[in-house]
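These notes concern the structure reproduced below.
FYI, it's all coordinate maths here, none of it is from the lab. Being a predicted model, the structure only gives us computed values, none of them experimental. A quick note on method: Cβ atoms are made from the backbone with ideal geometry, for glycine too, and the neighbour counts reach across all protein chains shown.
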Amino acid sequence: MIKSKILWIVILLMNFVIQAQTKKTVVQGTIYDETNETIPFVTIGIVNKTIGTASTMDGEFALMITDNEMQDTLYVSGLGFDTYKIKIQDYLAKKDRKIVLKENVVNLETVELLHPIDYVEKALDNLKKNTLSKTHVKEILYRRAATEEGKSKFFVENYIKLKGRGPAYWVGQVQVTESRKSADYRFWKRTQWRHAVLGLNDTNPLTPNDSEHARNLRKFAWKKTGSSSYEGEDVVILEGKNPDIDWEKIILYVGIDKYQIFRIERGRSLFIYKKHNNGKVYLSYYKNQWRFPKSHIPRNLWGTAAETLEYKSEAFVLNVITDKKKMKIKPYGVDIDMGSLDLPYHPEFWANLSLPPDTKFYKRIKSELEGLYGVPLEKQFELVNK
């Protein structure tokens, strides 16, 4: 009897410790420059840990932490600015959650620079060395909004585990673990034969792929268009023009010390990379926007709202797992349109996730979706998802 009571007390104590460790706190704020303009797409994280997020297009961020991180240091890092660091406990004690980044003035005119194509060549040649290329798992929040005639018609979010080796390699294994979607009000309920997260690979000019987006960057005509900095390293901004497609250009932000690539701009696509604890870089944020060409639209829908269907997607990398014992995933969803997945809806999961603050764009999306038939978005999630 005494032993059983002791065991019961131990179990209660263990449960108390676990609950204390998993208590969540939201660290949130807005990033500004010294002219009081908000700064989008900068990386936010915790020093020596891999959890993190990126600021939204409105410069806002939210990061869910446990009590284990209270004594850790928050950092904010963006191209062209000094890295901002503050103890999380001190930041939470502030009344004003406004973070102002100081511009890092760079003048590369006094530095002997290589020819632009040489930076591109060295960046590509050192890609495996400079990026997180050992097998790892990214935990990704991937969201996609669909509009027709400029009005919101469908919204879907997936939480994904992506197991791979970074941009120097082909896409790895995909497991969609959580999903939620709104009611689908699209005139053309288009379904893709695969998950949209594969666009992270296809539209990235660094990665090997056989899609229509594949490009040989070594054949582009490159020129230096500016300079910047990233975490103390000088960065050269390079613009490359496709010799075969007049309108296509790609912009790379390349460090002049190790030739790491910190940012890629390609049309409506944007890739932001951040440094891992080991100094390698990995994807932190991705966005893309596209409209389907008429040739992709069923002929019987020509002249309808289907011709205006446009997708806008975002991916926030919230965590990176490098511990082999924690990398096991069960592939699911890679060959299914993200809006067609039928997974159980777990409101408690989404309530405890580091969701980025709603941007003006997403507030408009949700407002328009709710306004179509007067059904709150949360109710749509409950009704549409399992």
Going from the alpha-carbon gyration tensor of region 55-178, what semi-axes, largest first and in whole Å, does one get by taking the root of 5 times each eigenvalue?
-> 29, 27, 20
Label point 7 Å out from Glu37 along Cα-to-Cβ: which residues of region 215-236 have amide N under 11 Å?
-> none
So the FRET efficiency between Thr66 and Trp302, C-beta based with R0 = 41 Å and rounded to 0.05, is 0.15
Using alpha carbon coordinates only, what is the Rg to Rh ratio of region 83-134, with Rh defined as the Kirkwood radius?
-> 1.22
Report P(r) for region 298-386: all Cα-Cα distances, bin width 10 Å, range 0 to the bin holding the largest distance, values in whole percent.
-> 10, 29, 40, 16, 5, 0
Order of His115, His346 - criterion: other Cβ atoms within 10 Å of each residue's Cβ, fewest first = His115, His346
In whole Hz, with x marking every Gly and Pro, tabulate ³J(HN,Hα) for region 85-97 from phi via Karplus 6.51 cos²θ - 1.76 cosθ + 1.60, θ = phi - 60°.
-> 10, 7, 4, 4, 4, 5, 5, 5, 7, 6, 6, 9, 8
What pairs from Lys49/Lys275; Lys138/Lys249; Lys98/Lys274; Lys24/Lys138 go past 19 Å between their alpha carbons?
-> Lys138/Lys249; Lys98/Lys274; Lys24/Lys138
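For the chain, what is the Kirkwood estimate of the hydrodynamic radius, computed as the reciprocal of the mean inverse distance between distinct Cα atoms, to one decimal in Å?
Radius from the Kirkwood sum: 22.7 Å.
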In nm, to one decimal, how far is the modelled label at Arg268 from the one at Asp210, with both set 7 Å along Cα→Cβ?
-> 2.8 nm
Under Karplus coefficients 6.51, -1.76 and 1.60, residue-wise ³J(HN,Hα) of region 154-168 in Hz, glycine/proline x = 6, 9, 9, 10, 10, 9, 10, 10, 10, 9, x, 10, x, x, 7
Along the three principal axes, how long is region 211-277 when you take its alpha carbons, biggest first, rounded to the nearest angstrom?
-> 37, 24, 19
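Which value, in debye to the nearest 20, gives the size of the charge dipole of the chain about its Cα centre, when Lys and Arg are +1 and Asp and Glu are -1 at the Cβ?
Dipole magnitude for the chain comes out near 1340 debye.
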Of the residues Thr56, Asn209, Leu270, the Cα lying farthest along the dipole of the chain towards its positive end, which is defined by charges on the beta carbon of Lys, Arg, Asp and Glu, belongs to Asn209
Two-site FRET efficiency, Lys134 against Glu382, from Cβ-Cβ distance with R₀ of 25 Å, rounded to 0.05 = 0.05
Put in order of increasing Cβ neighbours within 10 Å, starting from the fewest, Met70, Met57 give Met70, Met57
Peptides 372-380, 203-211 ordered by average Cβ neighbours within 10 Å, highest first = 203-211, 372-380
Two-site label geometry, Ile86 and Trp247: point separation in nm, points 7 Å out along Cα→Cβ | 4.4 nm
